[in-house]
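Undergrad: Mind having a look at this structure? Questions to follow.
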Amino acid sequence: MTLSGFLRVAYSELVTVILVSLLTTVTAVSVVGLGGGIIAAVTTLRRVVDARRNGVRLTERERLQLYRTTFTETAVRGAPLGLIVWGAVASFTWYVLAAGESGNPWVLLAAAAGVYVLTTVVIVTLRTATLVSLDSSVSLLTAGRDSVYHLFSTPSFTVLHATTVVAVSALCLALVIAVPLLLFGLLALLEVLVYTELNGGGARSVVLAYQRGDVA
């Protein structure tokens, strides 16, 4: 998977990316609802991409319905994921603020390390959402364990994935308004493409389907 390929798919699905991001931002307000929102975001974009690979384009109504249905089914089950993400974000924010106030080099170092920890939490959470999306019978604990295994089984690819997550997040944070409009959707789409690259026949097939403009 290349950066240009990711951007190509993101541009083609920009409306869906925005809708998914806005809806997931709304679910994040309740804290515990964020987990179900992440699962719904990944599920929706995975179905959209899979359909496009098969030459089918889901309507916007179908995509919104898919998100709503998935969130309703997984809101309670996915609550721990939301708590984990919020906990990681809160801890990272605290370290950054503490580093800014104290100027202590060790605190600054801890804040820098927090970037890697937070990125790892995001990647594992998104992969857990993917595995839950693919198999509704799998437990959240099992999916989380398998996600960590995926992370360490392909270290070089994980580094590239993490770097892209940091870049996308930093860009959205810099633009501010892009956080609710794009962040969740782009991260979910990136996860879909990364998982497809590793386990679904290659992300190149996805990019080619969008380049051909296959529409049923």
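The values are calculated or read from the model by the stated rules, or taken from the named source; none is laboratory data. Note that this is a predicted model, so its numbers are computed, not measured. Here Cβ is always computed from backbone atoms with ideal geometry, including for glycine, and neighbour counts include all displayed protein chains. For accessibility, only protein heavy atoms count, side chains too; no ligands or nucleic acids. Shrake-Rupley method; radii C 1.70, N 1.55, O 1.52, S 1.80 Å.
Undergrad: Regarding the stretch 1-88, what are the three Cα extents along the principal axes, ordered largest first, in Å?
TA: 36, 27, 18
Undergrad: Residue by residue, what Karplus-based ³J(HN,Hα) values in Hz, rounded to whole numbers, does the stretch 154-167 have, using 6.51, -1.76 and 1.60 with θ = phi - 60° and x for Gly and Pro?
TA: 10, x, 5, 5, 5, 4, 5, 4, 4, 4, 5, 4, 4, 5
Undergrad: What would the Debye equation give as log₁₀ I(q)/I(0) for the chain at q = 0.08, 0.09, 0.12, 0.14 Å⁻¹, counting only Cα atoms as equal point scatterers?
TA: Listed by q, the Debye log ratios stand at -0.27, -0.34, -0.61, -0.83.
Undergrad: Kindly state, to the nearest 0.05, the FRET efficiency for A90 paired with R68, given R0 = 22 Å and r defined as their beta-carbon distance.
TA: The value I calculate is 0.20.
Undergrad: Right, here's the next one. How large is ³J(HN,Hα), in whole Hz, for each residue of the stretch 114-125 in order, when computed from phi with the Karplus curve 6.51 cos²θ - 1.76 cosθ + 1.60 and θ = phi - 60°, using x for Gly and Pro?
TA: Running phi through 6.51 cos²θ - 1.76 cosθ + 1.60 with θ = phi - 60° gives x, 4, 5, 5, 4, 5, 4, 4, 5, 5, 5, 4 Hz.
Undergrad: Here's a follow-up. Can you tell me the accessible area per residue over the chain, all protein chains present, probe 1.4 angstrom, in square angstrom? Write down the numbers at each step before the final one.
TA: Working: 11000 Å² over 216 residues.
Result: 51 Å² of accessible area for each residue.
Undergrad: For the charge dipole of the chain, defined by +1 on Lys and Arg C-beta atoms and -1 on Asp and Glu C-beta atoms about the Cα centroid, which residue among I18, L187, V56 has the Cα displaced farthest towards the positive pole?
TA: Positive-end residue among those listed: V56.
Undergrad: Of the options L151, V29, L7, report the single residue whose Cα projects farthest towards the positive end of the charge dipole of the chain (beta-carbon charges: Lys, Arg +1; Asp, Glu -1).
TA: About the Cα centre, the residue reaching furthest to the positive side is L7.
Undergrad: If you take every residue apart from R204 with its C-beta less than 13 Å away from the C-beta of R204, what net charge results, scoring Lys and Arg +1 and Asp and Glu -1?
TA: On the way: positive: R8, R53, R212; negative: E197.
Around R204, the charge tally is +2.
Undergrad: Helix-derived [θ] at 222 nm for the chain: sum -39500 (n - 2.57) over DSSP H runs of at least 4, divide by residue count, nearest 500? Intermediate results must be reported in sequence, preceding the final value.
TA: Numbers: 10 runs with 175 residues, N = 216.
That calculation yields -27500 deg cm²/dmol at 222 nm.
Undergrad: On a 0 to 90° scale, report how tilted helix 140-153 is relative to the longest principal axis of the chain, with both axes built from alpha carbons and the result rounded to the nearest 10.
TA: Orientation of helix 140-153: about 80 degrees from the principal axis.
Undergrad: Pick out, from L66, L118, A178, the residue whose Cα sits farthest towards the positive end of the charge dipole of the chain, with +1 on the Cβ of Lys and Arg and -1 on the Cβ of Asp and Glu.
TA: Checked the options; the winner is L66.
Undergrad: May I ask you to give the percent of accessible area on the stretch 13-148 that is carbon plus sulfur, with a probe radius of 1.4 Å?
TA: Values: 4740 of 6800 Å².
Carbon plus sulfur share of accessible area: 70 percent.
Undergrad: Which whole-Hz couplings ³J(HN,Hα) result when phi for each residue of the stretch 65-78 is put into the Karplus expression 6.51 cos²θ - 1.76 cosθ + 1.60, θ = phi - 60°, listed in order with x for Gly and Pro?
TA: 5, 4, 4, 4, 5, 5, 4, 4, 6, 10, 4, 6, 4, x
Undergrad: On a 0 to 90 degree scale, rounded to 10, what angle separates helix 14-28 from the longest Cα axis of the chain?
TA: Computed tilt is about 50 degrees.
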